[in-house]
Amino acid sequence: MDTPGLYARRFPALDRAVELGVVGGKVVGVSFPDEPPADAAAEHPLLDRFEAYLGGEADDFADVDVGLTVPADQRRVLEAVRSIPYGRTLSIDRIARMAGLDDDAEDDLATVERALRENPVPLFVPDHRVEGPGATPDAVARQFRRLEG
């Protein structure tokens with residue numbers, strides 16, 4: 001995982017590809033394009049793990065190093081989301097409290113929603129485990145929730 005680069009593979013179970021950007025041994029970007037970019041390598045251990053996950057193997061990906069280059073308030077939110085256990089789904093209010101924000105303050109709830117929508121590494125920061133907007137496309141998030149039961 002230490003080799004920097006762009007990695008992507010198409011997964012029929014999602015009817016799309018998963019693309020990873022890796023720098024300095026950390027995942028810095030995840031996206032879900034229709035097809036893998038022509039310049040992306042298809043072989044990466046995380047793509048193998050992802051394939052096993054889609055096949056039903058439980059994996060919370062908590063051990064994956066991620067590089068979050070986001071504002072501090074959004075970082076707190078994404079770190080809280082990262083701690084949601086496999087198979088659980090939490091509300092935006094609960095995520096706000098976990099991130100040390102006020103779940104009664106509109107600005108704080110907006111911060112949570114913005115952090116989720118702008119999450120640079122969905123799956124590794126599992127926004128699909130939050131009842132609300134996220135960077136994971138809706139159809140993909142539904143598939144992830146179905147897999148995690």
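Just so you know, all these numbers are worked out from the coordinates, no wet-lab data involved. Note that the structure is a prediction, hence the values are computed from the model and not measured. For neighbour counting, all protein chains shown are included, and Cβ atoms are generated from backbone atoms with ideal geometry for every residue, glycine included.
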Charges on Cβ only, +1 for Lys and Arg, -1 for Asp and Glu, centred on the Cα centroid of the stretch 5-54; of Ala40, Gly24, Leu6, which one is farthest towards the dipole's positive end? Gly24
Looking at the calculated P(r) for the stretch 5-54, what percent of the C-alpha pair distances fall above 18 Å? 19
Cα long-axis angle, helix 138-148 against the chain (0 to 90 degrees, to the nearest 10): 90
Would you mind calculating the gained length between Glu118 and Ala105 on full extension (0.36 nm times residue separation, minus the Cα-Cα distance), in nm to one decimal? 2.7 nm
I'm checking a number: the convex hull volume of the Cα atoms of the chain, normalised per residue, in Å³. What is it? 97
Please provide three numbers in whole Å: the alpha-carbon extents of the stretch 72-148 along the principal axes, with the largest listed first. 33, 20, 17
Size of electric dipole in the chain: Cβ of Lys, Arg +1 and of Asp, Glu -1, about Cα centre, debye, nearest 20: 220
